[in-house]
Ligand SMILES: [Ca+2]
Ligand SMILES: [Ca+2]
């Protein structure tokens with residue numbers, strides 16, 4: 001306790017003596033602009049001025065410009081600096097200050113964050129305020145000429161739809177972000193910013209007519225990363241931020257909002273890669289022999305091993321196909337984003353002609369989106385799927401033949417682990 005009092009006392013004495021210890025040395029010294037005119041137009045000629053100053057102790061630094069009417073434009077505002085110990089501070093000024101709006105000027109849907117000064121003569125001021133509130137200033141004159149004042153306007157910025165469910169079921173998985181950019185820029189970026197932390201999720205631009213960073217119509221397709229198998233940002237509300245920076249250093253910024261719901265990468269498996277085929281011969285390997293006109297039955301379990309529901313479509317488990325039928329002849333066409341169990345045999349004329357939903361009515365839940373109803377196996381759930389193929393024809397040249405099961409994510413992929421699982425040799429007995 002006593003030690004602490006002594007320490008505090010020493011600190012107080014130190015602060016009190018501080019200025020005296022530094023002697024008469026001024027807070028701010030050696031302030032200069034190395035040019036009295038600049039032409040900020042990114043032509044590489046007289047575009048920037050070098051500002052130099054020294055600080056004898058730490059202070060907040062502001063650098064601003066005032067036009068003939070006394071309006072003030074900030075280049076730096078209250079930026080903390082420690083004392084310049086060995087050499088002075090230097091900073092380049094390219095004519096760009098905090099965004100401002102001219103009389104009668106209206107920007108719709110975007111803001112100008114950084115903007116070049118209009119041509120004219122300005123009084124610059126560099127002000128330093130130390131911890132005790134003492135302020136020292138230096139000022140001079142700078143002329144701005146031939147400034148490239150055209151702005152990288154972000155007109156018509158929009159994000160659509162406002163809610164996405166990035167989970168590869170092909171239902172509202174993606175958003176489109178568009179803008180009409182009014183000037184060639186050095187950089188055009190779009191990212192999402194969450195409410196919880198400052199993680200930025202960057203959005204890639206689609207390949208469209210307008211070259212990247214050129215003036216014109218730009219479109220960004222946002223899939224939350226799931227197309228590449230990455231986990232999307234956590235469900236929640238995000239600010240969509242577009243920023244354009246031109247060669248002069250001007251910044252424009254547009255913001256929108258997007259809500260991510262039910263996001264995640266779907267992963268489903270045929271449990272243990274096991275299929276139970278009817279009529280398997282004990283000890284003789286997985287083979288079956290069925291008379292022409294007889295039915296090959298299978299049973300397997302599908303596991304949704306992900307945090308998102310997986311979408312599926314009919315026909316339901318229990319359906320028995322004739323071998324010359326397929327899912328399309330039953331009116332159960334392929335749909336992008338749908339998971340189905342498929343059976344394929346070596347003599348099948350099309351890929352996995354016989355397909356089934358990954359669960360029955362008791363296993364699945366229905367979700368209605370925009371008036372359409374879709375069916376899902378919930379996250380973490382399992383369902384038993386069975387079905388049959390009645391062999392109404394046979395190919396003599398391939399008898400017996402191998403058949404196998406796959407779990408198909410239609411128009412997306414069949415992951416290797418789910419492809420051609422647990423083959424069975426099927427012999428069809430001719431009459
Ligand atoms: Ca220039
Ligand atoms: Ca979706």
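The values are calculated or read from the model by the stated rules, or taken from the named source; none is laboratory data. Keep in mind the model is a prediction, meaning the values are calculated, not measured. Cβ: placed from backbone, ideal geometry, glycine included. Neighbour counts: every protein chain shown.
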Expected single match for in contact with a strand residue (DSSP E or B) (Cβ under 9 Å, 6 or more places away or on another chain) and within 16 Å of ligand 2 (Cβ to nearest atom) among 144, 164 is 164
Listed by first then second residue, the pairs whose first member lies in the stretch 164-183 and is more than 20 Å from residue 338 (Cα to Cα) and modelled with pLDDT of 95 or more, whose partner is assigned to a loop (DSSP other than H, G, I, E, B) and within 16 Å of ligand 1 (Cβ to nearest atom), with beta carbons under 6 Å and at least 6 positions apart or on separate chains, are 183/150; 183/246
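Report yes if residue 177 is within 16 Å of ligand 2 (Cβ to nearest atom) and more than 28 Å from residue 66 (Cα to Cα), otherwise no.
When the stated conditions are applied, residue 177 does not pass them.
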Residue hits (the stretch 307-321; crowded, with 16+ Cβ neighbours inside 10 Å and touching a strand residue (DSSP E or B) at 6+ places or on another chain (Cβ under 7 Å)) are 309, 310, 311, 312, 313, 314, 315, 316, 317, 319, 321
From the option list 139, 158, 150, single residue qualifying as part of a loop (DSSP other than H, G, I, E, B), at pLDDT 95 or above and either more than 16 Å from ligand 2 (Cβ to nearest atom) or assigned by TED's automatic domain parsing to the domain that holds residue 28 (or both) is 150
Here the residues within the stretch 142-181 that are buried (at least 17 other Cβ atoms within 10 Å of the Cβ) and farther than 21 Å from residue 227 by Cβ are 142, 144, 147, 148, 149, 151, 152, 153, 154, 157, 179, 181
Would you check if there is a residue in the stretch 103-115 being farther than 26 Å from residue 156 by Cα and over 33 Å from the mean Cα position of the chain (by Cα)?
no
query = Does the stretch 383-397 contain at least one residue that is without any contact (Cβ under 8 Å) to a residue 40 or more places away in the chain, outside any strand (DSSP E or B) and either assigned by TED's automatic domain parsing to the domain that holds residue 417 or more than 40 Å from the chain's Cα centre (by Cα) (or both)?
reply = yes
Query raised in the report: Residue check: is residue 273 surrounded by fewer than 16 Cβ atoms within 10 Å (Cβ to Cβ) and in contact (Cβ under 8 Å) with a residue 12 or more places away in the chain?
Result: yes
Subset of the stretch 194-215, residues surrounded by 14 or more Cβ atoms within 10 Å (Cβ to Cβ) and either modelled with pLDDT of 95 or more or part of a loop (DSSP other than H, G, I, E, B) (or both), comes to 203, 208, 210, 213, 215
Of (1) within 16 Å of ligand 1 (Cβ to nearest atom); (2) under 23 Å from residue 411 (Cα atoms), residue 224 fails just (1)
Practice item. Evaluate the stretch 367-381: report whether one residue or more is closer than 20 Å to residue 263 by Cβ and over 28 Å from the mean Cα position of the chain (by Cα). Key: yes
Residues of the stretch 85-133 being surrounded by 13 or more Cβ atoms within 10 Å (Cβ to Cβ) and either at positive phi or in a loop (DSSP other than H, G, I, E, B) (or both), in sequence order, are 88, 94, 95, 99, 100, 107, 109, 110, 117, 118, 119, 120
**Prompt:** Quick one: is residue 348 away from ligand 1 (no atom under 16 Å from the Cβ), closer than 15 Å to residue 401 by Cβ, over 34 Å from the mean Cα position of the chain (by Cα) and assigned to a strand (DSSP E or B)?
**Reply:** no
